[in-house]
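**Student:** Have a look at the structure that comes next, please.
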Amino acid sequence: MLTAVRWEEERLEKIAAYHAEHMRADFINDEYIERLVAAPGVIDRTKIDGLIAKSRALKGLSPEETAYLLTIDDESVWKDIYSAAMDIKQKVYGNRIVLFAPLYLSSECVNNCTYCGFRSGNEQIARRCLSMDEIEREIRALTRGGHKRIIAVYGEHPSSDANYIVDSVWRMYQTKNGPDDIRRVNVNAAPMFVDEYAMIKSADIGTYQVFQETYHKATYRKLHPANTIKGDYYWRLFALHRAQEAGISDVAIGALIGLYDWRFEAVALVSHARDLEREFGVGSHTISFPRMEPAHNTPFVRQSGYAVSDDDMRKLIAVLRMAVPYTGLILTARENGELRRELIKLGVTQTDAGSNISIGGYGDHAAEIDKQQFELSDTRSLDDYISELIDDGYLPSFCTADYRCGRTGCEFMEYAKKGTIKNFCIPNAILTFQEYLLDYASPAVKNKGDELILSYVKDVKEQYSEGMANKTQAALASIRNGKRDLYF
Ligand code: SAM
Ligand code: SF4
């Protein structure tokens, strides 16, 4: 293997050559977005009501409209926005919450992002890249608890290059034990070339995720040293365009909230989703808005000057829900349990649970601080978290049917826009939740979960169709008789 330094140098040269031939038009106009979010919006009730009506009709919001709502400073307007966001979530997704777990594979990284515990300059972090056997051990521990969906997270380093990503994803899919299996591996890894994306697509990955961290160029430059790969703003900005070119149709964007003005990032996220939609006919499959968390030996986190309040997180999520109604919104266990419970109502569709972000942490239960990228707030077990979801009336889902049935990219959006996704998704959520209750749940969760399933089957009958309710009942009976992995 090349040394990390040589690998980085070669990559930087190749990226420069790529840019020379393939530069796309920049869709982030920093000055324009700054102006949009600079001053408090003048309260124009007719305009606000119009935007709320437009978003309730699931037509989305432009970056300008998003910015206008985000700058409103009036509690009564925000009450209306929250209520619209909750209704939109109900209309498009119902009460489902899709559950996943992060799996961190490596802490070796050539970049030096100021906010990250894994940055190359952090000498107090233990460096490690999991071997294939260690990956298998992690998957066994995760699937034993009931997980079916993973987001695999990689540092940028020759030890975790595209070949390693492919091998590791295969190993995750191949690790099975009775009902324990992983059915969808999403990937969060540094930007790649089109041919590398084609390789990782061939490993049957689900969604490919890259966070821009901050879309604000001056801030980006400050936080990512220029001589590093991550220092190249445009290499990252168009990463998902290249992934689409390679045929990865579910791509996902995000911003690390707390690096710069959160309103700027929100407008930029909507602009990014729109640019993907303009070029590929489909925007972002999901949007993430992780809030920056303390990390070992990483003082910047407390000094960024852009810390975001809980109240602003509410606003961010609600307005994103209105702006991109068909895009999944991901909230993570970075947030504490109480706030998570509240933020989920406003439009979140996916969250992680029972998470451990130490490298190798699921297998040896050692959540040692020098092995993790940052510190998690909500460390409850999957079963405890599911218990709370049931109490709040949510339907926990481990469904992976869409991508396995080819309902991805444009096709997914077509189904979503016709409302048919909800018809598939609620029954599939019921089936995967039934598997969880039979194979993994504690007795208390099983009891209340069984009741929840009955009420959701009744809903399918009353709100969608008797035929679908009957099919769901039949599949539930098969699952109770030992069949697994049934989906529509
Ligand atoms: N190394 C790859 C990259 O940077 O694209 C992917 C993995 S990186 C470990 C995943 C994400 O973690 C980053 O994109 C960043 O948004 C997030 N992250 C980094 N430092 C963080 C912190 N202190 N708190 C919360 N999230 C953080
Ligand atoms: Fe490396 Fe990603 Fe951390 Fe930056 S955020 S130092 S690229 S792991």
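The values are calculated or read from the model by the stated rules, or taken from the named source; none is laboratory data. The shown structure was predicted, so the numbers you read here are calculated from the model rather than taken from an experiment. Here the Cβ positions follow ideal geometry from the backbone for every residue, glycine too, while neighbour counts run over all protein chains shown. Note: areas computed on protein heavy atoms with side chains; ligands, DNA, RNA excluded. Shrake-Rupley method; radii C 1.70, N 1.55, O 1.52, S 1.80 Å.
**Student:** Between the range 160-197 and the range 70-133, what is the separation of their alpha carbon centroids in Å?
**Tutor:** 20
**Student:** Okay, moving on. By average Cβ neighbour count within 10 Å, what is the ranking of 158-164, 45-51 from highest down?
**Tutor:** On the way: 158-164: 18.6, 45-51: 13.9.
Descending mean neighbour count gives 158-164, 45-51.
**Student:** Please find the FRET efficiency linking residue 30 to residue 477, where r is the Cβ-Cβ separation and R0 is fixed at 60 Å, and quote it to the nearest 0.05.
**Tutor:** Working: r = 58 Å, r/R0 = 0.96.
Given R0 = 60 Å and the Cβ-Cβ separation, E is 0.55.
**Student:** When the accessible area of the range 426-478 is computed with all protein chains present and a 1.4 Å probe, what percentage of it is carbon and sulfur?
**Tutor:** Working: 1200 of 2350 Å².
Carbon with sulfur: 51 percent of the solvent-accessible area.
**Student:** Per residue, how much accessible area does the range 388-434 have with a 1.4 Å probe, in Å²?
**Tutor:** On the way: 1450 Å² over 47 residues.
Result: 31 Å² of accessible area for each residue.
**Student:** What FRET efficiency do you get for residue 91 and residue 195 if R0 is 41 Å and r is their Cβ-Cβ distance, rounded to the nearest 0.05? Each step should come with its number before you reach the end.
**Tutor:** Working: r = 41 Å, r/R0 = 0.99.
Taking R0 as 41 Å, the efficiency between residue 91 and residue 195 is 0.50.
**Student:** Among 476, 447, 465, flag the residue with its Cα farthest along the positive direction of the charge dipole of the range 416-480, charges on Cβ as +1 for Lys/Arg and -1 for Asp/Glu.
**Tutor:** 465
**Student:** If you don't mind, another one. Accessible area per residue of the range 32-86 at 1.4 Å probe, in Å²? Please list the in-between numbers first.
**Tutor:** Numbers: 2700 Å² over 55 residues.
Here the residues of the range 32-86 average 49 Å² of exposed surface.
**Student:** So, one more: Give the accessible surface of the range 254-320 per residue, rounded to a whole number of Å², with probe radius 1.4 Å and ligands, DNA and RNA excluded. Write out the running numbers ahead of the final one.
**Tutor:** Working: 2080 Å² over 67 residues.
About 31 Å² of surface per residue is accessible.
**Student:** Given axes a ≥ b ≥ c from the Cα gyration tensor, I'd like to know whether the chain is rounded (a/c under 1.5), prolate (a/b larger than b/c) or oblate. Let's see the in-between values first.
**Tutor:** On the way: a/c = 1.55, a/b = 1.11, b/c = 1.40.
The shape class here is oblate.
**Student:** About its Cα centre, what dipole magnitude does the range 1-122 give when the only charges are +1 on Lys and Arg Cβ and -1 on Asp and Glu Cβ, stated in debye to the nearest 20? Present the calculation step by step, with values, prior to reporting the outcome.
**Tutor:** Details: 15 positive and 19 negative charges, 134 e Å.
It comes to approximately 640 debye.
**Student:** Here's something else I'd like to know. Residue 167 versus residue 306, label points 7 Å from Cα toward the beta carbon: distance in nm?
**Tutor:** 3.8
**Student:** Of 63, 39, 77, whose Cα points farthest to the positive end of the dipole of the range 32-86 (charges on the beta-carbon: +1 Lys, Arg; -1 Asp, Glu; origin at the Cα centre)?
**Tutor:** Going by the charge dipole, the pick is 63.
**Student:** Tell me, which longest segment in the chain has none of the GluC sites (Glu not before Pro) that fall in DSSP loops with at most 14 further Cβ atoms within 10 Å? Can you show the working numbers first?
**Tutor:** Details: sites that count: 123, 368.
Longest run free of exposed loop sites: 124-367.
**Student:** Under 18 Å between alpha carbons, and skipping anything fewer than 8 positions from residue 417 in its own chain: which lysines qualify?
**Tutor:** Correct list for residue 417: 54, 59, 89, 91.
**Student:** Rounded to the nearest 0.05, what FRET efficiency do residue 126 and residue 80 have when you use their Cβ-Cβ distance and R0 = 60 Å? All intermediate terms of the calculation are to be shown ahead of the outcome.
**Tutor:** Numbers: r = 49 Å, r/R0 = 0.82.
Efficiency at R0 = 60 Å is approximately 0.75.
**Student:** Roughly how many percent of the accessible protein surface of the range 32-86 is carbon and sulfur, given a 1.4 Å probe and a whole-percent answer?
**Tutor:** Working: 1580 of 2700 Å².
With neighbouring chains kept in place, the figure for the range 32-86 is 58 percent.
**Student:** Specify whether the C-alpha gyration tensor of the range 416-480 places it in the rounded, prolate or oblate class, a ≥ b ≥ c being the square roots of the eigenvalues: rounded for a/c under 1.5, otherwise prolate if a/b is larger than b/c and oblate if not. Each step should come with its number before you reach the end.
**Tutor:** Numbers: a/c = 2.05, a/b = 1.88, b/c = 1.09.
Prolate, since a/c reaches 1.5 and a/b exceeds b/c.
**Student:** Moving on to the next point. Please give the contour-minus-distance gain from residue 364 to residue 46: 0.36 nm per residue of separation, less the Cα-Cα distance, rounded to one decimal in nm.
**Tutor:** 108.7 nm
**Student:** Using 0.36 nm per residue, how much length does the chain from residue 38 to residue 140 gain when fully extended, once their Cα-Cα distance is taken away? All intermediate terms of the calculation are to be shown ahead of the outcome.
**Tutor:** Details: separation 102, 0.36 × 102 = 36.72 nm, distance 4.96 nm.
Extra length available between residue 38 and residue 140 comes to 31.8 nm.
**Student:** Moving on to the next point. Per DSSP H run of n ≥ 4, the term is -39500 (n - 2.57); total these for the chain, divide by its residue number, and report the mean residue ellipticity at 222 nm rounded to 500 deg cm²/dmol. Please list the in-between numbers first.
**Tutor:** Values: 21 runs with 242 residues, N = 488.
Helix contribution divided over all residues of the chain: -15000 deg cm²/dmol.
**Student:** In the chain, which cysteines lack any other cysteine Cβ under 4.7 Å from their own?
**Tutor:** When partners are defined as cysteine Cβ atoms under 4.7 Å apart, the chain leaves 109, 129, 399, 405, 410, 425 without one.
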